[in-house]
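The values are calculated or read from the model by the stated rules, or taken from the named source; none is laboratory data. Keep in mind it's a predicted model, so treat the numbers as computed, not measured. Neighbour counts are summed over all protein chains in view; Cβ atoms, including those assigned to glycine, are modelled from backbone coordinates with ideal geometry. All accessible areas refer to the heavy atoms of the entire protein, side chains included, with ligands and DNA or RNA removed. Shrake-Rupley method; radii C 1.70, N 1.55, O 1.52, S 1.80 Å.
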Amino acid sequence: MKISDLEVITFEWTGRPATNFMNQRQPAGHPHQNALLTIRTDNGIEGHCLLGRPSGSVAHEAANIIERIKPQLLGKEALKRESLHALLTKLAAVTSVRAIGSVDIALWDIAGKAANQPIHTLLGTYRDKIPVYASSAKMDRVEQYVEEALRYKAMNWKAYKIHPPAPWQRDIEVVTAVRKAVGDDFILMLDSSRAYEYEEALKVGRAIDELDYHWFEEPLGEYDVYNYVKLKQKLKTPIMATERPVAGLDSYAPWIMAQATDFLRGDPAMKGGITPVVKAAHLAEAFRMKFEVHAGLNSLVNLANLHIEMAIRNTTFHEILLPVEAINHALVNEPRVDADGFIQPPEGPGLGALIDFDLIKHHQIQVLR
Ligand SMILES: [Mg+2]
C-alpha cells in the first residue's frame with residue numbers, strides 16, 4: 001500500500017470566541033484559518049490531520065508539507081511509519097516538528113483504517129476511558145477562576161488547572177482563592193506557562209505547597225534545566241516540565257539526566273507525532289514517571305491524544321483547554337465528557353473522525369497540492 005497523493009486544504013475558521021492564549025488576546029470573530037491534511041494511498045485509503053491551533057498560523061506547516069515533505073513521501077509504503085518518521089526526522093532542518101507531527105498522525109489514521117481498528121488497538125489498549133480536567137484560559141479577575149472551577153467541579157470533571165494572569169503576586173491570589181472555593185477534596189494544578197524568574201517561581205511554588213496542588217507546570221523557561229533542578233529540590237509540589245520546546249524525542253533526555261522534572265509531557269503536534277510521543281511515554285514508564293498528554297489544540301490532534309491515552313499505562317488525565325469553541329472545529333462526532341467526568345475516543349477505525357467536509361468546502365480558501 002503506497003502513498004499516492006498528499007494535499008492540504010486551508011479554510012476560514014469563523015465564529016470563534018474571544019481567546020487569550022500564549023499572551024495573545026484575540027477578540028470574538030477574529031479572522032482565523034484551519035487546514036486539513038489528507039494523505040491518500042493507492043488502494044483508496046485516506047488519512048487526515050488538522051493543522052489549526054488557537055494562536056499561530058497554519059500557513060507555514062501547510063506550505064512546508066507540500067514543498068518539502070510530499071516529494072519525499074510519494075511512492076513510499078504507507079504502513080512503514082517508523083521508517084517514514086526516521087526519513088522525516090533527517091529532514092528536520094528543512095521542515096518543522098509540527099509538520100512532521102501532522103503527517104505522522106495522518107499515517108496512523110491510515111494504518112488504523114487499513115486494519116479496520118482504532119489507533120489505540122494498534123498500540124495495545126490499556127484503558128477504555130479517561131478522566132478529564134478543565135484547563136482555564138488566562139482571565140482578568142480572580143472571581144472568574146473561582147466561578148469556572150466551581151462550575152466544572154459541579155459537572156463532575158476530575159480536576160481544574162489554572163493558567164494564571166501574572167504577575168506572580170496576582171497568581172498567588174488566584175491559586176489561594178480557588179483552593180478556598182473548591183475545598184480540599186478537589187484536584188487543582190497550576191500551569192504558569194514559563195512566566196517566572198527563579199525567585200518568583202520559588203515564591204509561587206511555596207504558596208501552592210501549602211495549598212496541596214497536584215502539579216506545578218512550566219514555572220520557568222523551556223530550556224532552564226539548571227533552575228528547574230534547584231526548584232524541584234526545594235518544593236513539595238511535583239514539577240512538570242517538557243511541554244515545550246516544540247521538539248522531538250531526544251529533547252526529553254537532558255530533563256531525565258538532570259532529574260529536573262517529576263513528569264514528562266507533550267502532544268503529537270508539538271513533539272513530532274504519535275510515534276515519538278508513545279516512545280516518550282514508554283521512556284517515562286521506565287523511570288516510573290507519569291507522561292501527561294498536553295491538550296491537542298485542534299479536534300483531530302485531540303483524537304490522537306485520546307488514542308495515546310487509551311494505550312499508555314502511565315498517564316492520569318485528558319486535558320480540555322477552555323473555551324472548547326476555540327479548539328473544537330470541523331468534526332461531526334466530537335467526543336463528549338460523560339456525567340462522571342470521563343471521555344473516550346470514537347469507535348471507528350483510525351482516529352475515528354467523522355470530518356465535516358461540507359463545512360470545509362463551504363469555507364475553503366485554497367487547495368495546496
Ligand atoms: Mg501547559
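Structural remarks
- Residue match in region 79-102 (condition: in contact with a Cys (Cβ under 9 Å, 6 or more places away or on another chain) and open to solvent by less than 70 Å² (accessible area, probe 1.4 Å)): yes
- Of the residues in region 307-319, at least one is hydroxyl-bearing (Ser, Thr, Tyr), within 16 Å of the ligand (Cβ to nearest atom) and at pLDDT 95 or above.
- Residues (under 21 Å from Trp215 (Cβ atoms) and open to solvent by 30 Å² or more (accessible area, probe 1.4 Å)) located in region 119-138: Arg127, Lys138
Residue by residue, here is whether (1) open to solvent by 20 Å² or more (accessible area, probe 1.4 Å); (2) in contact with a Pro (Cβ under 9 Å, 6 or more places away or on another chain); (3) within 17 Å of Leu235 (Cβ to Cβ) holds:
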residue: Arg170; (1), (2), (3): yes, yes, no
residue: Leu190; (1), (2), (3): no, yes, yes
residue: Arg194; (1), (2), (3): yes, yes, yes
residue: His214; (1), (2), (3): yes, yes, yes
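- Leading residue by the ranking (nearest to Met1 (Cα to Cα)) among those in region 39-81 that are charged (D, E, K, R) and part of a helix (DSSP H, G or I): Arg81
- Residue that is modelled with pLDDT of 95 or more, under 26 Å from Ile312 (Cβ atoms), of a type in the set (Asp, Glu) and within 16 Å of the ligand (Cβ to nearest atom), where the choices are Asp191, Asp171, Asp128: Asp191
- Looking only at region 59-78, and only at residues there that are in contact with a Lys or Arg (Cβ under 8 Å, 6 or more places away or on another chain) and buried (at least 20 other Cβ atoms within 10 Å of the Cβ), the one that is farthest from Ile365 (Cα to Cα): Ala78
- Set side by side, the residues Leu6, Leu37 differ, and just one is within 22 Å of the chain's Cα centre (by Cα) and at pLDDT 95 or above, which is Leu37.
- Residue satisfying condition, being within 16 Å of the ligand (Cβ to nearest atom), more than 23 Å from Gln24 (Cβ to Cβ) and out of contact with any Cys (no Cβ under 7 Å at 6 or more places or on another chain), within set Pro245, Pro238, Pro219, Pro165: Pro238
- Positions within region 222-266 being open to solvent by less than 30 Å² (accessible area, probe 1.4 Å) and either at pLDDT below 95 or aromatic (Phe, Trp, Tyr) (or both), in sequence order: Tyr228, Tyr252, Trp255, Phe263
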